[in-house]
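The values are calculated or read from the model by the stated rules, or taken from the named source; none is laboratory data. What you are looking at is a predicted structure, and each value in this text was computed from that prediction instead of being measured. Cβ coordinates were reconstructed from backbone atoms using ideal geometry, including for glycine residues, and neighbour counts include every protein chain displayed.
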Amino acid sequence: MIECIFCKILNKEIQSEIVYEDELVCAFKDINPTAPVHILVVPKPHIENLNAVQQQHKELIGHVFVVAKELAKKFGIDEKGYRIVVNCGADGGQTIDHLHFHLLGGRKFSWPAG
């Protein structure tokens, strides 16, 4: 079995501030937030990164976005706007090798950084 910090959070081996959970995903507050609202939406199956997503994951990935939309509403960032970020690989900024989606909001963002 693959072990990573997100797998340990999903298995309740490490405590985290979980804000949503169902049979497919778990969402919890980032311990190093870069925005007033910074939630990680993590698929329960261990998928290393976006490159590892396969055809059989399309329902799961769609579910991630539905959950993110609902969390944006729950945390009051749906009206003004928010960002969903997926980092892939070391050069893409991925630091944990378990696919996850950053839901960011509560401040104005610029492009391409910040």
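Only one residue in 39, 96 is under 13 Å from the mean Cα position of the chain (by Cα) and surrounded by fewer than 18 Cβ atoms within 10 Å (Cβ to Cβ), so which one is that?
96
Given the criterion aliphatic (A, V, I, L, M), part of a loop (DSSP other than H, G, I, E, B) and closer than 14 Å to residue 105 by Cβ, identify the matching residue among 84, 77.
77
Pairs only if they're at least six apart or on different chains, beta carbon under 6 angstrom, first in the range 19-30 and modelled with pLDDT of 95 or more, second surrounded by 14 or more Cβ atoms within 10 Å (Cβ to Cβ) and of a type in the set (Gly, Ala, Ser); list them, first residue then second.
As it stands, the answer is 19/27; 20/27; 28/16, since those pairs meet every condition given.
Name every residue in the range 5-23 that is touching a His at 6+ places or on another chain (Cβ under 9 Å) and surrounded by 14 or more Cβ atoms within 10 Å (Cβ to Cβ), in order of residue number.
Within the range 5-23, 5, 6, 7, 10 meet the criteria.
Between residues in the range 72-90 that are of a type outside the set (Asp, Glu) and residues that are in a loop (DSSP other than H, G, I, E, B), which pairs lie under 6 Å by C-beta distance while being six or more apart or on different chains?
As it stands, the answer is 72/78; 77/106; 83/109; 87/93; 87/94; 88/49; 88/94, since those pairs meet every condition given.
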